[in-house]
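Colleague: Sharing a structure, written as structure tokens. Questions coming.
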Amino acid sequence: MAGRVSLIPLVCFKCETAVPAQPDETAWVCARCGQGLLLDEEKGLAALSVQYSAALPPGATGRPFWVAQGTATTIRKTYGSRNESAESARMWATPRRFFIPAFTCPLETITSLGPALLQRPPVLEPGPAAPFQPVTLHPCDLNAVAEYIILSIEAGRKDNLKEIQIQLQLSEPALWVLP
Ligand SMILES: [Zn+2]
């Protein structure tokens, strides 16, 4: 056995029901007691609060998003004279709510959905529990994805962005299941 990787089955810390975890998944809801569970490299499973949007149609499978408040400072360099740095700074100095896809999706989905949800945030009203797509993005990877969302928005300004530095502060995320 020495040197072998052994898989330890995950069980809910509240009711000890086995969690049918797939290797790429990182968070679950216990099928028996409804406890939200987040994989933590040191502690095993940690408690996770999972919220379900009231906008989910009955019977639908929702999509999980990490929702966190963020502010950022941006330093932009542009080609040419037009420069929207002041507008950029103003935008990110205001706390923004980031919706970061927690499910597996192509990069194009992140760069289209992320900015769209940031600029027109859906109302977060809690509703009844519902099934949702597997959660494959761990909260420790949120900053990188959120910076990508900022980059997508900044690249869309009409001043020929050449280079940008982003310093982002994100709050503790919550997991929301949205339509
Ligand atoms: Zn349980």
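The values are calculated or read from the model by the stated rules, or taken from the named source; none is laboratory data. Source: prediction; values computed, not measured. Cβ placement follows ideal geometry from the backbone for every residue including glycine, while neighbour counts extend to all protein chains displayed. Side chains included, ligands, DNA and RNA excluded: accessible areas come from the protein's heavy atoms. Shrake-Rupley method; radii C 1.70, N 1.55, O 1.52, S 1.80 Å.
Colleague: Can you tell me the dipole magnitude for the chain around its Cα centre, using point charges on the Cβ only (Lys, Arg +1; Asp, Glu -1), in Debye to the nearest 20? Intermediate values should be presented prior to the final figure.
Modeller: Details: 15 positive and 16 negative charges, 86 e Å.
Dipole size: approximately 420 debye.
Colleague: What are the residues whose amide H is under 5 Å from the amide H of PHE132, where those residues sit 5 or more places off or on another chain and H is modelled from the backbone?
Modeller: Answer set, sorted by chain and number: GLY62.
Colleague: Give a residue-ordered list of calculated ³J(HN,Hα) values for region 147-158 (Karplus: 6.51 cos²θ - 1.76 cosθ + 1.60, θ = phi - 60°; whole Hz; x for Gly, Pro).
Modeller: 5, 5, 5, 4, 4, 4, 5, 5, 5, x, 5, 8
Colleague: Which ³J(HN,Hα) values in Hz, rounded to whole numbers, follow from the phi angles of region 85-92 under the Karplus curve 6.51 cos²θ - 1.76 cosθ + 1.60, where θ = phi - 60° and Gly and Pro get x?
Modeller: With the stated coefficients, region 85-92 comes to 4, 5, 5, 4, 4, 4, 4, 8 Hz.
Colleague: Let me have the 222 nm mean residue ellipticity of the chain computed from DSSP H runs of 4+ only, each contributing -39500 (n - 2.57), with the sum over all residues rounded to the nearest 500. Working shown, then result.
Modeller: On the way: 3 runs with 36 residues, N = 179.
Calculated at 222 nm, the ellipticity per residue is -6000 deg cm²/dmol.
Colleague: Of all the accessible heavy-atom surface of the chain, with the other protein chains kept in place and a 1.4 Å probe, what percent is carbon and sulfur?
Modeller: Accessible surface attributable to carbon and sulfur in the chain totals 54 percent.
Colleague: Using the alpha-carbon centroid of each, what span in Å lies between region 30-90 and region 126-172?
Modeller: First find each Cα centre; the distance between them is then 7 Å.
Colleague: Another one. Pull the list of the chain cysteines that no other Cys approaches to under 4.7 Å, Cβ to Cβ.
Modeller: Unpaired cysteines in the chain: CYS105, CYS140.
Colleague: At a probe size of 1.4 Å, how large is the accessible area of LEU107, to the nearest 10 Å²?
Modeller: 90
Colleague: Can you list the trypsin sites (Lys or Arg not before Pro) in region 81-148 that are in a DSSP coil and have 13 or fewer other beta carbons within 10 angstrom? Can you show the working numbers first?
Modeller: Working: sites: ARG82, ARG90, ARG96, ARG97; in loops: ARG82.
Hits after loop and neighbour filter: ARG82.
Colleague: Can you give the charge dipole size of region 50-124 about its Cα centre, rounded to the nearest 20 debye, using +1 on the beta carbon of Lys and Arg and -1 on the beta carbon of Asp and Glu?
Modeller: Numbers: 8 positive and 3 negative charges, 36 e Å.
Its charge dipole is roughly 180 debye.
Colleague: In Å², and per residue, what accessible area does the chain have when probed at 1.4 Å with the other protein chains present?
Modeller: Normalised by residue count, the accessible surface of the chain is 59 Å².
Colleague: Report the one residue of PRO179, ASN83, ILE100 whose Cα lies farthest in the direction of the positive end of the charge dipole of region 63-179 (charges on C-beta: Lys and Arg +1, Asp and Glu -1; origin at the Cα centre).
Modeller: Final value for the positive-end residue is ASN83.
Colleague: If you don't mind, there's one more thing I want to ask. State the percent of C-alpha pairs, over all pairs in the chain, separated by a distance greater than 30 angstrom.
Modeller: In whole percent, the long-distance tail amounts to 29.
Colleague: From the backbone phi of region 56-73, what are the Karplus-calculated ³J(HN,Hα) couplings (6.51 cos²θ - 1.76 cosθ + 1.60, θ = phi - 60°) in whole Hz, Gly and Pro given as x?
Modeller: Values per residue, Gly and Pro as x: 5, x, x, x, 7, 8, x, 10, x, 10, 7, 10, 9, 8, x, 10, 8, 10 Hz.
Colleague: Now, a different point. Within the chain, which is the longest segment that contains none of the GluC sites (Glu not before Pro) sitting in a DSSP loop with at most 10 other Cβ atoms within 10 Å?
Modeller: That gives 43-179 as the longest site-free run.
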